[in-house]
Amino acid sequence: MNLRTIAAQCASGTCPTVYDSGRGTIVVQGYLVSGDHAGVTLPDGEQLVEIPVELLVNAARSLS
């Protein structure tokens with residue numbers, strides 16, 4: 001997989017970022033949120049990731 005940055009909160013790549021996977025999917029880098037903490041039951045292999053709303057809006061603009 002070769003990720004392409006769509007939107008980021010910083011230039012260093014060590015902060016919340018939204019990527020295009022090149023496979024028709026989006027990959028999100030953010031802060032892990034436990035399912036127990038959020039009151040959500042997660043299946044094996046999935047995790048919750050928290051990102052700033054502004055980052056998601058910027059990513060959507062970049063895709064259109």
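Please treat every number below as a calculation from the coordinates, not as lab data. On a predicted model such as this, the values are computed, not experimentally measured, just so you know. Glycine also receives a Cβ, built like all others from the backbone with ideal geometry; neighbour counts cover every protein chain displayed.
A compact table of results
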quantity	calculated
Conditions (1) over 22 Å from R4 (Cα atoms); (2) within 15 Å of the chain's Cα centre (by Cα); number of the one not met by D36	(2)
Verdict on V28 being at negative phi and assigned to a strand (DSSP E or B)	yes
Residue satisfying all of: in the stretch 7-21; of a type in the set (V, I, T) and in a strand (DSSP E or B); farthest from Y31 (Cα to Cα) among these	V18
Residue list for the stretch 34-64, restricted to those being surrounded by 12 or more Cβ atoms within 10 Å (Cβ to Cβ), in a helix (DSSP H, G or I) and of a type in the set (A, V, I, L, M, F, W, C)	L55, L56, A59, A60
